[in-house]
Amino acid sequence: MTPPASMTILGIETSCDETAAAVLDGEGHVLANVISSQHTVHERFGGVVPELASRAHIQNVDHVTRRALDAAGLTWQDLGAIAVTQGPGLAGALLVGISYAKSLAYALGIPLVGVSHLEGHIASAWIDRPSFPRTCVVLIASGGHTHLFHADESGGLRLMGRTIDDAAGEAFDKGAQMLGLGYPGGPLIDQAARKGNPVTVRFPRSRVRTGQLDFSFSGLKTALLYHLQRMDQQAITRQQADLAAGYQEAIVDVLIRQTFAAVRQAGVSALAVVGGVSANSRLRARLTERAGEEGIELGLPALSYCTDNAAMIAAAGQRALEQGRLASFECEAMPNCALPASSGGGTVRRKS
Amino acid sequence: MPSRRPHRSIPGPSPAAPVGPPHAGPPPVGKPWRMVLRSSQQTHRLGRCLGTLLQGGEVLALFGELGAGKTSLVKGIADGLLAEPTEVSSPTFTLIHEYQGRLPLVHTDLYRLTASQLEDTGLNDYVDGHTVTVIEWADRWGDGLPSDRLDVHLSHRPPATRRAILTARGPAARRLLDALRSRLSANRPTRAARQTRVQLSRPRRAPH
């Protein structure tokens, strides 16, 4: 099967706790973007239970896909290709989306392409701005990842830096937990920090000796823990906003420092920042300010494309098809893969 | 930085059961092993050494606060156990993480769960004679917890070191702990390797 260069594509995403389907037309415009959250299924556990996530995906995936088709005003026969998340994510959850996508592609006789969830996040920067330069530095910051890539014109990605311990989103979640703000941490710290002063309490900014562009957030987490141990509960409650603001500022500072160092090192004039953490208002404001000062073109996806969604998977699928990548019906879930799923998968390795 | 003051637990959502090391369960087999970990590299190295010694079916129960080094230890275990370098993250959000390698590895965090909720998670199905199961806050499991297991307690020792206490609770765990001891005492780390990889910039005094 040789896919035409542009066609209507269905994206399916089931890597974690959102069942999502989206349809993009041949020019990359989003015709429908449906997300069904499993929040109520996992709420009482305080975290995502893999087995329950898989079951909920099985119940929802067909329904969500039909809703996306309806919203796009299309029928099955209008679809030209299907893109599905192959990993990283929960093994069972991924398998649901992949099995569903395979059967659809087989029944409709259309091409199937497996993409990495990270490729999806990266592609989200171009959904609303197709003219954004392809050659750029990309920061992916989410609950599971904090990675810097150098993207080239042909869509190739070179890893420049990554976190050596916690992801930025994890730092937000754990900080919020320690501050008694609850879950999910990112939006709650963002909210609390707006009422606080970011310089009242200053937390350390970690540097990683071995990799100049790597990130480290576990030292910051420990610094907050020790700081809170010296305070009584009343003082913590009273200073909650300042603590949240100071903690957030430390994360944002480290992200900005490393990201702009990568931009300088790569010698590019465009920067895309994607993933759940890119929804943080302080990060967005600081990035916009700094990019303006340095004359760097900044690509930030719309808030609806920052968190997990299938529009980004469809967009990444379109790119993969342009590169001639196709998945066979033997393709499997790759729970721990990074980039890209169909080119052998495996983990990200640093190129020197 | 604070001097060595008595440890106080951090605020936050209160867990389902009292926080603390489990004193219930089978008695220790042999003496616990205490050690001081001076950097996250040392924690990682302890994990990697454990990982290379695992033979399948072992249960490791980890205890310790946020930042005590649990994830660093599991990263080390994965390094020693899995064929390919794999990104291991904390199962704080997704409660059970699975990895494939020389042996299958399951990493889970039970902090927020009660014993009755645990049944619904299907965690039981993961524990078999082949899979290595690493459980954070294993005491939440109550009576269902495998009795032959290695308990690892990690705690903060301000300013920057961690203490680890390894307790074998069963014959298989004892064999693992003995093997670990002889392996680790055979190759003590060099001074250079003990140096911390992550340098924290000194925080400026906050204006009051």
Say the dipole of chain A comes from +1 at the beta carbon of Lys and Arg and -1 at that of Asp and Glu; which of A:Leu283, A:Ala125, A:Ala53 then lies farthest toward its positive end?
A:Leu283
Using a 1.4 Å probe on the protein heavy atoms, what percent of the accessible area of the protein assembly as shown belongs to carbon and sulfur?
50
Gyration tensor (alpha-carbon) shape descriptor, the stretch B:81-136, a/c threshold 1.5:
oblate
For chain A, take every pair of Cα atoms, bin their distances at 20 Å starting from 0, and report each bin as a whole percent.
31, 56, 13, 0
Hey, can you rank A:304-316, A:176-188, A:321-333, A:270-282 by average C-beta count inside 10 Å, highest first?
A:304-316, A:270-282, A:176-188, A:321-333
On Cα atoms only, tilt of A:281-294 relative to the major axis of chain A in degrees:
90
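In Å², rounded to the nearest 100, what is the total accessible surface buried by chains A and B against each other with a 1.4 Å probe?
Working: alone 15240 and 12620 Å², together 23350 Å².
Between A and B, the summed buried area is about 4500 Å².
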Quick one: Cα centre-to-centre distance for the stretch B:59-101 and the stretch A:223-277, in angstrom?
24
Between the alpha-carbon centers of the stretch B:122-170 and the stretch A:84-141, tell me the distance in whole angstrom.
36
Using unit Cβ charges (K, R positive; D, E negative) and no other charged atoms, how large, in debye to the nearest 20, is the dipole of the stretch A:180-293 about its Cα centre?
160
Using only the Cα atoms of the stretch A:19-71, each taken as one equal point scatterer with no solvent, compute I(q) by the Debye sum, divide by I(0), and report log10 of the ratio at q = 0.18, 0.20, 0.25 Å⁻¹.
-0.62, -0.70, -0.88
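If you average 1/r over all unlike Cα pairs in the stretch A:1-93 and invert the result, what Kirkwood radius do you get in angstrom? Don't skip to the answer; put the middle values down first.
Numbers: mean 1/r = 0.0718 Å⁻¹.
After inverting the mean inverse Cα-Cα distance, the result is 13.9 Å.
Of A:Lys174/B:Lys31; A:Lys221/B:Lys75; A:Lys102/B:Lys70; B:Lys31/B:Lys70; B:Lys31/B:Lys75; A:Lys102/B:Lys75, which sit over 29 Å apart, Cα to Cα? The partial results should precede the final answer.
Values: A:Lys174/B:Lys31 34 Å; A:Lys221/B:Lys75 18 Å; A:Lys102/B:Lys70 38 Å; B:Lys31/B:Lys70 22 Å; B:Lys31/B:Lys75 26 Å; A:Lys102/B:Lys75 34 Å.
A:Lys174/B:Lys31; A:Lys102/B:Lys70; A:Lys102/B:Lys75, as the Cα separations exceed 29 Å there.
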Probe of 1.4 angstrom, ligands and nucleic acids ignored: what's the accessible area per residue over the protein assembly as shown, in square angstrom?
42
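The values are calculated or read from the model by the stated rules, or taken from the named source; none is laboratory data. Just so we're clear, the structure is a prediction, and the values are computed from it rather than from any experiment. Please note: Cβ atoms are built from the backbone with ideal geometry, for glycine as well, and neighbour counts cover all protein chains shown. Accessible surface is based on the protein model in full, side chains and every heavy atom, while ligands, DNA and RNA are left aside. Shrake-Rupley method; radii C 1.70, N 1.55, O 1.52, S 1.80 Å.
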